[in-house]
1. Give the shape of segment C:214-329 as rounded, prolate or oblate, defined through the alpha-carbon gyration tensor: a ≥ b ≥ c are the square roots of its eigenvalues, a/c under 1.5 means rounded, and otherwise the shape is prolate if a/b is larger than b/c and oblate if not.
2. Springs between alpha-carbon atoms under 10 Å, Gaussian network over chain C: tell me which of C:D239, C:D254, C:D62 tops the mean-square fluctuations.
3. Beyond a 29 Å Cα-Cα separation, which of these cross-linked pairs lie in this structure: A:K186/A:K251; A:K186/B:K186; C:K186/C:K321?
4. Can you list the residues, at least 5 places off or on another chain, whose amide H is less than 5 Å from the amide H of B:G29, using H built in the peptide plane?
5. Could you work out the mean projected area of the convex hull around the alpha carbons of segment B:245-293, in square nanometres to one decimal?
6. Would you kindly compute the Cα radius of gyration of the protein assembly as shown and its largest Cα-Cα separation (Dmax), both in Å?
7. Can you tell me how segment A:101-151 classifies by the Cα gyration tensor, rounded, prolate or oblate, using a/c under 1.5 as the rounded cut?
8. Taking the rotation axis that maps chain A onto chain B, which residue of A brings its Cβ closest to that axis, and at what distance in whole Å?
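Every read-out reported here was derived from the displayed coordinates using simple, explicitly stated rules and does not represent laboratory data. The model shown is predicted, which means the values in this text are computed figures rather than measured ones. Cβ: placed from backbone, ideal geometry, glycine included. Neighbour counts: every protein chain shown.
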Number of protein chains: 4
Amino acid sequence: MSVVPVNPPLDRDASFLGAADGGKVTLSGVIPPVCTPLTPDFEVDTGSLTRLVDHLLDGGVDGLFVLGSSSEAAFLPDRHRRTVLDTVLRHVAGQVPVLAGVIDMTAPRVLSHVEAALDAGAGGIVATAPFYTRTHPAEIAVHFRTIAKRAGVPLYAYDLPVSVHTKLDASLLLDLAAEGVLAGLKDSSGDDGGLRRVILGRRNRDLPSFAVLTGSELTVDAALWMGADGVVPGLGNVDPHGYVRLYRAAKRGDWAAARDEQERLFRLFDLVRVGGPRMGGSSSALGAFKAALHLRGIIAYPTTALPQIALDSEEIARVGKYLADAALI
Amino acid sequence: MSVVPVNPPLDRDASFLGAADGGKVTLSGVIPPVCTPLTPDFEVDTGSLTRLVDHLLDGGVDGLFVLGSSSEAAFLPDRHRRTVLDTVLRHVAGQVPVLAGVIDMTAPRVLSHVEAALDAGAGGIVATAPFYTRTHPAEIAVHFRTIAKRAGVPLYAYDLPVSVHTKLDASLLLDLAAEGVLAGLKDSSGDDGGLRRVILGRRNRDLPSFAVLTGSELTVDAALWMGADGVVPGLGNVDPHGYVRLYRAAKRGDWAAARDEQERLFRLFDLVRVGGPRMGGSSSALGAFKAALHLRGIIAYPTTALPQIALDSEEIARVGKYLADAALI
Amino acid sequence: MSVVPVNPPLDRDASFLGAADGGKVTLSGVIPPVCTPLTPDFEVDTGSLTRLVDHLLDGGVDGLFVLGSSSEAAFLPDRHRRTVLDTVLRHVAGQVPVLAGVIDMTAPRVLSHVEAALDAGAGGIVATAPFYTRTHPAEIAVHFRTIAKRAGVPLYAYDLPVSVHTKLDASLLLDLAAEGVLAGLKDSSGDDGGLRRVILGRRNRDLPSFAVLTGSELTVDAALWMGADGVVPGLGNVDPHGYVRLYRAAKRGDWAAARDEQERLFRLFDLVRVGGPRMGGSSSALGAFKAALHLRGIIAYPTTALPQIALDSEEIARVGKYLADAALI
Amino acid sequence: MSVVPVNPPLDRDASFLGAADGGKVTLSGVIPPVCTPLTPDFEVDTGSLTRLVDHLLDGGVDGLFVLGSSSEAAFLPDRHRRTVLDTVLRHVAGQVPVLAGVIDMTAPRVLSHVEAALDAGAGGIVATAPFYTRTHPAEIAVHFRTIAKRAGVPLYAYDLPVSVHTKLDASLLLDLAAEGVLAGLKDSSGDDGGLRRVILGRRNRDLPSFAVLTGSELTVDAALWMGADGVVPGLGNVDPHGYVRLYRAAKRGDWAAARDEQERLFRLFDLVRVGGPRMGGSSSALGAFKAALHLRGIIAYPTTALPQIALDSEEIARVGKYLADAALI
């Protein structure tokens, strides 16, 4: 497991994570994107949220990522986002670093979320390329520069073409790393060749503190083998212990154990499909994660945010079957 | 020209626009998406904004659409959006209806913008399908229903696949119209066959008050010919008089004059390409609209929001050439 | 109706169609893409094919387009393509021009089909941009130049992004027209703004003999209004008389009659959806056209080529309902 | 290295490769897609082609794949395809298995290429999903079944969404494997999570003879680690010895050596970008492979097929620099 310094929530300039701070350690390990439990009337269920954080910390995770896609950030109004930030940062109290997603269309809107994240004490922020607007590499560079200039904490680029409809180019990312704009990458593109281009590129260009995290939760052993520093697995909400075992096995060089664990998690991951064609992939996957957390007794309700479609009882029962097969209930 | 009642900004339940109100008139005519002038330090230039509104009213427009894509809504933080709403609604003071864009990823976030729009007195709101999240027709329906239930003013669906990466289906739109959820459509998909499907569908299903507005500013004569009620032309910022002439010619049945005007506007529209391949389409088009408004003496600065790339002086000069050719300067 | 010279099938250099021939007339009018009737064992049913040609000629069409997408060219092996060419060219015997699709991935493969089309006596050929390979505007230009150089008959560009995954740019098309490479365009992109850009561009650049045909069969009145020369309607197989009435009404300036006819054809067009979600759009649309032709007694079997899914009897019955509503059976 | 039986070119029913034959071995190892050398007048350069085959066999490859995308199959008319098949099959004379691509739009056209491949003695065929036509999973299944029924040799599915614009689903592939339709998969989708789904799925469903080959030439060590059987690397034309070292290291469990070799090949792979933005990715990559083979003295000309853009002398010199850095010249 990586050695991670505690999170000093009151000092925004600490920059203890990532490239900006030269000699300091790079973010690494298992950093799950924390689901956002909701009450049946669609308010943030803070009690369930702190239980979920405890569940993840108990699993041995190396950090937390709040307000990412798996956190339903796209569905949370600003006041919900603030509740999540405050609840998690206060509860974690520096035990592990907490990164905050600042998902919005362009830099000027992203900066409002940065403000809130810094107020709450987040140790790093995670931003995508511009979306909704048609964009261009020159604009993506200005976007990240604009955010970084104002943030004062490490900025991680979030590559998620399925949502953003742009693929971040390895050269652009490394140029921005060399400039001191980016502290790292969360690569959820599913393109492991592209991931490797970044990993080899940072080696060639001597940018060792640029953190490379994969969001591809089904090829984590391979990503670590290639040289990635860590993983941000949505499924890590359901089974953090599994991802921590995977990561630790890889770190100690027991790749066969890492692969076995990954293959076990791969089978479990199929629960994301329980919703089938009557709903979108987000409704099904996030619904299944929350149903699993509910069935495991960690969160009070399986509610997902509107306009997602709720899983029905039969679909939730099938989630239970996956958990039983994985000996998680 | 359509007869449009005045906008009663203090009474949210008036619903004088669109389907919800049965016997009342349907939104129609020329309703430009109002550009958002900025100062060189990227604040809303309210003085320029009111001059722009006067310019549009002087052109004879039938309504205004603030906080749409051409308004750079994707680039405006909430406080800027509120300034725009307050400035325009106060200045218009009910002379014409004002629609407000409530562009955000999903219903729960959209509703925050609806609140702000209603506070300012907007007479209708305009929302896209969910974006960023992977979506599904069943989720799109819940999304619009959730918004409409809370809005209390007419809700217009905004079909913009280039930004949202989903095409709104004609049947879904008409089902939601029949339910009383949608008051109309702003179709910026560029798919005139799909537009006609909606127009003929509302006739077949006897939904006459469902307003159909085209955002395809280069085929307005054709859209009106097919039965569309009006147009939301970005280029209408630069030349509102032209679009009003086009619309009025069509309404009085002088289609040849409408076509001549449209062809003239088509030639003018080419100014959107001045930025070329060194920037994205948004930087170039919105930069050109603002440069034109600046050159025409209507707004103080041609500034566009970050991270868009600014036009350089040579590119701005070419915008001026287009204006000169169109006798607009 | 346009004046169209007869097709001299034995003289390949005649070039009586399109730009190449300076003073000669431009292709115009209704030029349906001819369906390819098949026997139950998937051979070309030449008897049905000639009956279909007679049905189209009886409808008053101005030309024929064989081996296009609606002809299932993507499903026909070369020997079937040759049978179609020979059957149709021999049967038409110069009564109207016959264009031949030469659909294949790139110029070197396209040229084999050109050879076959010329052998059969086609009066013009129709080619898409390269597909399957990732392409680039510079490559698209070389592609069309390579084909034109060898063809010796007018070459029409076929813009079909849904199949080819590239949109042909208006400037590129007009540059190639000015070079003498392209004689015209069949625009099936559904982008009527783009269509108008070509129409106005040919006027500005004084390329009057460059033929602009729309494949958007639901907005034909609008396309003709904008200045298109003709239409290539898949639905014209089922109801050629309707498209001919539409075109003739437009030519004599009776636009209201043209619109009425288009709206009637629009309602009929919905038969393409009878297959629903259990099959692809091609299976459903081409299956419905053939079912309609079968029900109208024109072709012997409704068979579509493999691997398309066949309509079942209930779906075919619904096609019959559309025909009955349109008084076509 | 895998044990591979010799190729019996005269007996089409031998089915010695893949699932169809029960107890026989599965295709595995390094199976490069063989480039197609051309003369300056765009004919197949058979002398260079046999030298290239010798170069690959000298490298120790386990099989050859002719007429794939890297072979410029999309650019080769049928007579060129036949020349390639005849030249390679005759020259290889059973030393290693030879798979033949049968790239075309749909099953009926594909079957013509199957015929030619079988006549030449190919030991297996490789087909994509339908393209050009809009397709559907039910149609993809019929497509592969139709081909397999006629082929009589193992059929491999070729997953190449960048060309075909459809991603093959793991469940569909495994269903077709269980039916005996598919003998294996060449996965060039770049989606290593999807690749692993197939690998684990064949284990769960007990389909051990279903061959899984990756076309992602930059993550071969990872793919083999996950359980893939082999690789089809375009870059293997330039450096077959490297890919064979990589594969053999992995087979003997020396993963660190495999990774070192993969990282070296990754750096070499950057030569595919020498063409830059003035041409498409295919022109640049295939041009670079051929320039490298020319500079290494293996093929006589670096010519690529039209309408690809040729590399200029400066770009070819940069290819040489990559080769020098890799000690390949």
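1. Numbers: a/c = 2.38, a/b = 1.91, b/c = 1.25.
Here segment C:214-329 falls in the prolate category.
2. Checking each option, the largest mean-square fluctuation is seen for C:D254.
3. Details: A:K186/A:K251 19 Å; A:K186/B:K186 36 Å; C:K186/C:K321 31 Å.
The answer is A:K186/B:K186; C:K186/C:K321.
4. B:G230, B:V231
5. For segment B:245-293, averaging the hull's shadow over all directions gives 3.8 nm².
6. My reading of the Cα-based Rg and Dmax gives 31.2, 87 Å.
7. On the way: a/c = 2.54, a/b = 1.90, b/c = 1.34.
It is prolate, given that a/c is not under 1.5 and a/b is the larger ratio.
8. In residue-and-Å form, the answer is A:H165, 3.
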